[in-house]
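For reference, the structure is listed below as structure tokens.
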Amino acid sequence: MALRKICSFMVFIFLLQIVHLNASNILGSCPMLSNSSSMTQTELLQELTNDCRYDKMIRPPGEINSTNPIAVYTRAYIYTIKSNMAKTLQFDVHMMLQFRYLDKRLEFSNITPYFNQIYGGQSAHDLIWTPSVYVSNEPSSAIIGNSVKDILISIDPSGMVILNTRLQATLNCGLRLEKFPFDVQECPLVFESWTYNVLDMVLYWDQEPIILADELHLTEYKLMDKWVNASEVFYTTSQQHFGHFAGNFSSISITFKLAREMGFFMMDYYIPSILIVVISWVSFWLHMDASPPRIVLGTNTILTFMTLASKVENSLPKVSYIKASEIWFLGCTIFLFAAMVEFAFVNTIYRRKKNVPLKKVNSKYILKSTLTPKLARKQFQKNTTGLERSRSWSSLDNTNSSEQDFTSQNYLTVHSFPSTLNIPSVKVDEDKDQECSVGSIMTINSTSSPKPFPRRATLAQLHNFTTMTPQEIAQWIDRRSRIVFPIAFIIFNILYWSFIWI
């Protein structure tokens, strides 16, 4: 019995020693920082970030006190911008981001004064706290500091941390294409705080926030301007799953003003389309009845222009509004189609058989008589019949003999007049078709010269009317088209380019 008590007491003493030893080890696991000239940068950083004094999950205290949010200053060095926005509505940016913030827990000026900087890469990044920032307008965003290509960290003796990271981002850009291909786009690059709201961390732009590489060159666009902005983004607390991540979050952005380079479109779209329209005017110099060459020329110019325009339009997203390129396409198509319609119109007129009476030889009467030839001939015949009837009654009143028997009102004779008056008699043989042409048969008899004269010249003198053959009208329309089409196309260009540059 006594032996059992002695053994139990010895076991108890042994356990107390073990507990005391473990407690001593635990208390002594956070050694004091001491000056040592033989300490390396890695050893120094490991000592500063020892778990007993540094928790990388907790943000550094503010510059004034621990309750203030930590200020993170940002700078961007941009060395590549790639753009294919017309098709994908996205552009690529290659840059180096620099975040600068103060972490007083990493101050080592009193420990190793012979160190000016601590440099490190991914291993140093794994030991210290870094801000969680993401690109909000990137389709496949990655949290900077966790999924990055290259990282460089430097810490000065005061605890100022500079984090440099390379970033390749594909960014969304909502395009406005009303003036395509002469459009100017404003595309943002937006950074937001991921973990901490404005009560814990605020993002600021550093001095000289954007630096562009000297060799920066864009193929499709040129960089017109750039500016930065800082704001806050609010996420509502109405949804429970937001939890701690609801509220205002700090946000900074870079906006690039990009103007599209128009050299490609001028050389591959506008100048060729102008030449195609001009080539379609060659049809006006061909013969009115040359159907095969004029048809081939018209159809080939239209098909060529359609192929040219489809290349440009297929590279663009489908939008609901009208673009400047579509206005140009529509205008050129109208001119090409009008040249084909002009040929069909001229060829139809050229094949007519009957002459067209005209009151005056000008555009108004030519087009009116050409478009409504039946109406023009009826009006001409009506005026002709009335005048002939008045001339017949006038000669009946002036004759002294009554033995003349007139069988038709369209027959005028002057046999009873003295031969010295030399007044002709006019006989008009009506066509079986009431819409007779101006070339109807007319016989003019005179006592001195019984020779027939054409009706066209006589009626033109009596009524101030003239006639034109269909071939003359077709040739007149072609000659006017050689002037009207170029002038109309020049006016269209003036209006179009004025809209572009205003």
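Only one of Glu208, Glu215 is assigned to a strand (DSSP E or B) and open to solvent by 50 Å² or more (accessible area, probe 1.4 Å). Can you tell me which?
Glu208 is the lone residue from the list that is assigned to a strand (DSSP E or B) and open to solvent by 50 Å² or more (accessible area, probe 1.4 Å).
Restricting attention to the range 336-348, and to residues there that are crowded, with 21+ Cβ neighbours inside 10 Å and closer than 18 Å to Arg479 by Cβ, which single residue is farthest from the chain's Cα centre (by Cα)?
Val346
Going by what's in this entry, would Ser193 be described as under 21 Å from Glu138 (Cα atoms), surrounded by fewer than 18 Cβ atoms within 10 Å (Cβ to Cβ) and among the polar types (S, T, N, Q)?
no
Confirm whether Leu171 is under 30 Å from Tyr101 (Cα atoms), buried (at least 18 other Cβ atoms within 10 Å of the Cβ) and hydrophobic (A, V, I, L, M, F, W, C).
Against the criterion (under 30 Å from Tyr101 (Cα atoms), buried (at least 18 other Cβ atoms within 10 Å of the Cβ) and hydrophobic (A, V, I, L, M, F, W, C)), Leu171 qualifies.
Just the residues that are touching a residue at least 24 places away in the same chain (Cβ under 8 Å) and either surrounded by 15 or more Cβ atoms within 10 Å (Cβ to Cβ) or on the phi > 0 side of the Ramachandran plot (or both), please, taken from the range 318-327.
If the condition is that a residue be touching a residue at least 24 places away in the same chain (Cβ under 8 Å) and either surrounded by 15 or more Cβ atoms within 10 Å (Cβ to Cβ) or on the phi > 0 side of the Ramachandran plot (or both), then Lys323, Ala324, Ser325, Ile327 are the ones that fit.
As an exercise: evaluate Arg105 against (1) part of a loop (DSSP other than H, G, I, E, B); (2) more than 51 Å from the chain's Cα centre (by Cα) and give the number of the one condition it does not meet.
Going through (1) part of a loop (DSSP other than H, G, I, E, B); (2) more than 51 Å from the chain's Cα centre (by Cα) one by one, Arg105 breaks only (1).
Going through the range 476-502 one residue at a time, which ones are over 30 Å from Val184 (Cα atoms) and among the β-branched types (Val, Ile, Thr)?
Ile477, Ile483, Val484, Ile487
So, Val72, is that one at pLDDT below 90 and crowded, with 20+ Cβ neighbours inside 10 Å or not?
For Val72, the condition - at pLDDT below 90 and crowded, with 20+ Cβ neighbours inside 10 Å - is not met.
Can you find, within the range 273-317, the residue that is nearest to Pro181 (Cα to Cα) among those that are of a type in the set (Val, Ile, Thr) and open to solvent by 60 Å² or more (accessible area, probe 1.4 Å)?
Selected residue: Thr307.
Could you go through the range 230-243 and let me know if any residue there is out of contact with any Phe, Trp or Tyr (no Cβ under 8 Å at 6 or more places or on another chain), closer than 30 Å to Ile78 by Cα, open to solvent by less than 80 Å² (accessible area, probe 1.4 Å) and modelled with pLDDT under 90.
For the range 230-243, residues out of contact with any Phe, Trp or Tyr (no Cβ under 8 Å at 6 or more places or on another chain), closer than 30 Å to Ile78 by Cα, open to solvent by less than 80 Å² (accessible area, probe 1.4 Å) and modelled with pLDDT under 90: present.
Are any residues in the range 79-96 surrounded by fewer than 20 Cβ atoms within 10 Å (Cβ to Cβ) and assigned to a strand (DSSP E or B), and if so, which ones?
Hits for the range 79-96 are Tyr79, Thr80, Lys82, Gln90, Asp92, His94, Met96.
State all residues of the range 282-306 that are within 15 Å of Arg482 (Cα to Cα) and out of contact with any helix residue (DSSP H, G or I) (no Cβ under 8 Å at 6 or more places or on another chain); if no residue qualifies, say none.
His287
Taking the conditions exactly as written (assigned to a loop (DSSP other than H, G, I, E, B), modelled with pLDDT of 85 or more and touching an Asp or Glu at 6+ places or on another chain (Cβ under 7 Å)), does Pro131 satisfy them or not? Please lay out each step first, then the result.
Values: assigned to a loop (DSSP other than H, G, I, E, B): yes; modelled with pLDDT of 85 or more: yes; touching an Asp or Glu at 6+ places or on another chain (Cβ under 7 Å): no.
For Pro131, the condition - assigned to a loop (DSSP other than H, G, I, E, B), modelled with pLDDT of 85 or more and touching an Asp or Glu at 6+ places or on another chain (Cβ under 7 Å) - is not met.
Within the range 244-266, take every residue that is in a helix (DSSP H, G or I) and either at pLDDT below 90 or crowded, with 18+ Cβ neighbours inside 10 Å (or both) and give me the one that is nearest to the chain's Cα centre (by Cα).
Phe265
Would you point out the residue of the range 147-168, among those that are open to solvent by less than 10 Å² (accessible area, probe 1.4 Å) and hydrophobic (A, V, I, L, M, F, W, C), that is farthest from Tyr79 (Cα to Cα)?
Quick first cut of the range 147-168, residues open to solvent by less than 10 Å² (accessible area, probe 1.4 Å) only: 153, 155, 159, 161, 163, 165.
Then drop every residue that is not hydrophobic (A, V, I, L, M, F, W, C), which leaves 153, 155, 161, 163.
Details: Ile153: 20, Ile155: 25, Val161: 24, Leu163: 18 Å.
If we take residues in the range 147-168 being open to solvent by less than 10 Å² (accessible area, probe 1.4 Å) and hydrophobic (A, V, I, L, M, F, W, C), then Ile155 is farthest from Tyr79 (Cα to Cα).
Based on what the data block shows, is Ser109 modelled with pLDDT under 80 and either open to solvent by less than 80 Å² (accessible area, probe 1.4 Å) or among the hydroxyl-bearing types (Ser, Thr, Tyr) (or both)?
So Ser109 fails the test.
The values are calculated or read from the model by the stated rules, or taken from the named source; none is laboratory data. Given the structure is predicted, the values throughout are model-derived calculations rather than measurements. For neighbour counting, all protein chains shown are included, and Cβ atoms are generated from backbone atoms with ideal geometry for every residue, glycine included. The area values use the complete protein model at the heavy-atom level, side chains included, leaving out ligands, DNA and RNA. Shrake-Rupley method; radii C 1.70, N 1.55, O 1.52, S 1.80 Å.
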